1. Name the long-range amide H neighbours of Ala26: under 5 Å, sequence gap of 5 or more, or other chain; modelled H, no Pro or chain starts.
2. Determine the equivalent ellipsoid of segment 68-172 by diagonalising the alpha-carbon gyration tensor, then write out the semi-axes as square roots of 5 times the eigenvalues, largest first, rounded to whole Å.
3. Kindly write out, for segment 213-224 in residue order, the coupling ³J(HN,Hα) from the Karplus curve 6.51 cos²θ - 1.76 cosθ + 1.60 (θ = phi - 60°), rounded to whole Hz, with x marking Gly and Pro.
4. Order 259-265, 288-294 from most to least packed using the mean count of other Cβ atoms within 10 Å.
5. May I ask you to list the trypsin sites (Lys or Arg not before Pro) in segment 189-236 that are in a DSSP loop and have at most 14 other Cβ atoms within 10 Å of their Cβ?
6. What translational D, rounded to a whole number of µm²/s, comes out for the chain from Stokes-Einstein when the hydrodynamic radius is the Kirkwood one over Cα pairs, at 4 °C and 1.567 mPa s?
7. Using the structure shown, list the pairs from Lys45/Lys128; Lys113/Lys141; Lys11/Lys51; Lys45/Lys305; Lys84/Lys122; Lys44/Lys297 with a Cα-Cα distance above 20 Å, or answer none.
8. How big is the charge dipole of segment 224-373 about its Cα centre, in debye rounded to the nearest 20, if each Lys and Arg gets +1 on its Cβ and each Asp and Glu gets -1 on its Cβ?
Amino acid sequence: MEEKKHQKHTKLKRRENENFAPNEIAILGTKCSVIAIFVQKMSKKLQKEAKIGYLDASHRDSETQQDFDSFVFHHSGSLETTIKTELNEYNERIRLSQHDLVFINGNHYQGEKQILFLDNEKVASVKKRLDQLTRIQFIIKLNDEVDYFDCLLEKFPYIRNIKAYSITEEDAIARHINNLIQEKIAPINGLVLAGGKSTRMGQDKTELDYHGKPQRHHAVQLLERNLLDTYISVASGMSSEVDKIIEDKFFNLGAFGAICSAFQHDPNKAWLVFASDLPFVDSEVIQLLLKHRNPSKMATAIKGKSKTFVEPLITIYEPKAYPILLGYLAQGYACPRKVLINSEVEIVEVDDELIRNINTPEEYQQAIKEING
């Protein structure tokens, strides 16, 4: 009988990453200065659609580099950083986890996908890096005279079938890159927070009947009607014969722990988190939230029009929210609203009544009257 292999560490589901980031494109085939200008132009064109990063090697003499990390904040809110560190794929995946696309200077580092420039001055450079050309997305011709190099035609007989642009076709190139970004947007799952016995209500609020069934089941059906694969968050050890559940893996952290547990279950999905004590939320509210989803932000959240802060328990949390949540937890904070207040969030405003919490038996009786006319 074959001996079972010992596994030292818990096997966790990982976020899908490429070499350094969830979505990356290395640019090679031309000078570093041309690559830098190209990245600046594309980033400006895409700044409303996505958060763009750029990974490059320093071109300064090593003797002039400082021996400390620097963080320079401008009064407008922008940040300039200089980090003295060795390049490490695991650490870069954390640092670059908030970006929808990371451009990489392919003259220095290899990326999972590539944009290839055709530049007659860089034939030798391309020949040296042929093995790095594993997933060419498209080609950019630096001028009209340049043609495909013999080394490329020999290595990739199909290369003339890959989409090619002139360097002047900036808008078309930006659209192509934006399509690559859109392809990586995570699907959304639903997460209904089951909670438990409420002290003020005197019972489990998820069992209350507003719509002819326990509110927990109504919430699940509401999300499923909007085509979301939906789970119920439950305490560890609980089970259900009818619902798909995610057991809490982050104990005694309430809703914060439930959200983190959902990401541990699947870090490659966005999660529409929905508390089950919001009986006035209907399909229109869910559709409004989905319509205004902004995956370039860490979350898209509902806010009452007269309220100061967003409602964290009817919010779409993107995969990029997971490392942020864990970072706050590492500082000793387990409040999802605090995370949202201090992060880049898309806000969707609705009438306050639509997101009214029901917390006491008196409020429950009043809600029943309003819902049933």
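1. Ile104, Gly111, Glu112, Lys113, Gln114, Ile115
2. Here the semi-axes work out to 33, 17, 13 Å.
3. 7, x, 4, 4, 5, 4, 5, 4, 5, 4, 6, 5
4. 259-265, 288-294
5. Arg200
6. Estimated diffusion coefficient is 55 µm²/s.
7. Check vs 20 Å cut-off fails for Lys45/Lys128; Lys11/Lys51; Lys45/Lys305; Lys84/Lys122.
8. Its charge dipole is roughly 540 debye.
The values are calculated or read from the model by the stated rules, or taken from the named source; none is laboratory data. Keep in mind that what you see is a predicted model, and the values were worked out from it rather than measured. FYI the Cβ positions are ideal-geometry reconstructions off the backbone, even for glycines, and counts take in every protein chain you see. Note: areas computed on protein heavy atoms with side chains; ligands, DNA, RNA excluded. Shrake-Rupley method; radii C 1.70, N 1.55, O 1.52, S 1.80 Å.
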